[in-house]
Amino acid sequence: MGGPRSGARCLHWLLLSSSFRSVAALSVRWDGHLSRRAAAWGGLAAATCSGPVLPASARIFTWPGGGPAVSDTERSDLLVDKLERKYLLNPADLSGVTLPAGLRNQKDAVLIFHGRGGEDRETDDLRSAMRASDASVGISRFVDCFNWEQWIDQDPTRLSRVAQDVGARLGRALADEAPGLRSLHVIGTSAGGFVANQCVSDYVAARQGRGSRALVRLSLTDPFTSGPPDDEVQRGLRGLDGFASIDASTIAAARRAEQFGRDADFAEHFVNTDDLVPYTSTPLPLCFCYDVTAAAERATFPLPGGGRSGKPAKDLLLRALGYHNWPMGYLARHYETVLDAKGRIRHPSHDQLPRGAVERVT
């Protein structure tokens, strides 16, 4: 009854189920702990997958298999506006969100934002890789992961809104408390993409009319994305997004995601398209995108928890969910600090890597 075949049948049923919450709960325990990122992408996806289905008269149009269309119809506007009014009646208390003391008065800085599950192996690896790369070229800059876990709301429909507000608060603090910044690199993974993007937007806006500002690079690793129609440009990059259903919070989040990268001087998106985390498989239109799904080195990327367990059903689920971590793992393995002729941090440019273009890494 409990052999590989029954496990495979169970897995098949789970993959066909509309409840990603069940998949996550059954597939993410190792070493006695819950894999926080693989299980809880952002709450938002879990909510849309397990929430009630809208009546036919109120359903929002979706591209077949492709996640939410960012619709401007009157019905979707009303749903999003209602959600926003509900949030404003009880906004998150973000009074404790403050800039790390070590960042004040810095010339160069890197801020990393984790996903809903908090800091993990990939955020640790990226931080270490960036510090080592800086040291190899003889520079010192602030590099750290900002832990915003305490402000993650238990109501998943509030997730992207709260994350956005955390980022906005930090962006304004950067503008006020680090006026001498020359370079700023902001990185967000999964739900942390909302924090990272808004941090950039509010920093740039707050520095307008106040003299110079830092050159800003935004790197997003498997963040929430909006779902466009299928076409020759996308060529199937939507992955498994079509498993999920839609509610107002998903529409609102998709509208935010559509603008990811807009205010950065350089914005890049690292995407994995074959994991089970919904709404994370579409290239962001305002970023240069690296599709790392088929990267050869992914074969040696250790799954969360130390690799294969020897249990076929569990290993398949861990593989499907665990590769949501791979884009940040890829960035950590390939990050290189580059300096200009004056010995200052040099970011990539959209002149060479245009917004909306996709490079498939093999």
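Residues in the range 313-362 that are of a type in the set (A, V, I, L, M, F, W, C), crowded, with 19+ Cβ neighbours inside 10 Å and either in contact with a strand residue (DSSP E or B) (Cβ under 7 Å, 6 or more places away or on another chain) or assigned to a loop (DSSP other than H, G, I, E, B) (or both): M328, L331, I345. In the range 121-162, of all residues being under 19 Å from the mean Cα position of the chain (by Cα) and of a type in the set (F, W, Y), the one that is nearest to L79 (Cα to Cα) corresponds to W151. K107 meets each of the listed conditions (1) closer than 27 Å to P327 by Cβ; (2) in contact (Cβ under 8 Å) with a residue 40 or more places away in the chain apart from (1).
Can you work out which of the residues in the range 100-120 that are more than 24 Å from P304 (Cα to Cα) and hydrophobic (A, V, I, L, M, F, W, C) is nearest to the chain's Cα centre (by Cα)? Looking at residues that are more than 24 Å from P304 (Cα to Cα) and hydrophobic (A, V, I, L, M, F, W, C), I get V110.
The single condition among (1) modelled with pLDDT under 95; (2) within 15 Å of A332 (Cα to Cα) that V186 does not satisfy is (1).
Scanning the range 92-126 for residues that are out of contact with any helix residue (DSSP H, G or I) (no Cβ under 6 Å at 6 or more places or on another chain), closer than 23 Å to G180 by Cβ and not in a strand (DSSP E or B) returns T98, P100, A101, G102, L103, N105, Q106, K107. Being of a type in the set (S, T, Y) and under 21 Å from the mean Cα position of the chain (by Cα) is the filter; apply it to the range 327-362 and report the residue that is nearest to S136 (Cα to Cα). Applying the filter and picking the extreme gives Y335. Residues that are in contact with an Asp or Glu (Cβ under 9 Å, 6 or more places away or on another chain), without any contact (Cβ under 8 Å) to a residue 40 or more places away in the chain and among the hydrophobic types (A, V, I, L, M, F, W, C) within the range 293-333 comprise just one, L303.
Within the range 128-154, the set of residues being closer than 17 Å to G115 by Cα, outside any strand (DSSP E or B) and either at pLDDT 95 or above or aliphatic (A, V, I, L, M) (or both) comprises N147, W148, E149, Q150, W151, I152. Does D291 count as surrounded by 14 or more Cβ atoms within 10 Å (Cβ to Cβ) and at pLDDT 95 or above? Criteria met by D291. In the condition set (1) farther than 18 Å from H269 by Cα; (2) hydroxyl-bearing (S, T, Y); (3) crowded, with 16+ Cβ neighbours inside 10 Å, S309 is compliant with all but (3). Residues being out of contact with any Phe, Trp or Tyr (no Cβ under 9 Å at 6 or more places or on another chain) and closer than 30 Å to V137 by Cα are represented in the range 301-309 by at least one member. The numbered conditions (1) of a type outside the set (D, E); (2) at pLDDT below 95; (3) over 21 Å from the mean Cα position of the chain (by Cα) are all true for A296 except (2). Checking the range 132-141 against the condition returns no match, with no residue being closer than 28 Å to A257 by Cβ, of a type outside the set (F, W, Y) and surrounded by fewer than 20 Cβ atoms within 10 Å (Cβ to Cβ). Scanning the range 298-312 for residues that are in a helix (DSSP H, G or I) and among the basic types (K, R) yields a total of 1.
Looking only at residues of the range 114-130 that are acidic (D, E) and in contact with a Ser or Thr (Cβ under 9 Å, 6 or more places away or on another chain), we find that the one that is farthest from Y335 (Cα to Cα) is D120. Applying the selection to the range 78-97, what residues are loosely packed, with under 13 Cβ neighbours inside 10 Å and either more than 17 Å from R255 (Cβ to Cβ) or without any contact (Cβ under 8 Å) to a residue 12 or more places away in the chain (or both)? L78, D81, R85, L88, L89, N90, P91, D93, S95, G96, listed by residue number.
The values are calculated or read from the model by the stated rules, or taken from the named source; none is laboratory data. Please read these numbers as outputs of a predicted model, since none were measured by experiment. Don't worry about glycine lacking a Cβ; one is built from the backbone with ideal geometry, like all the others, and counts go over all protein chains shown.
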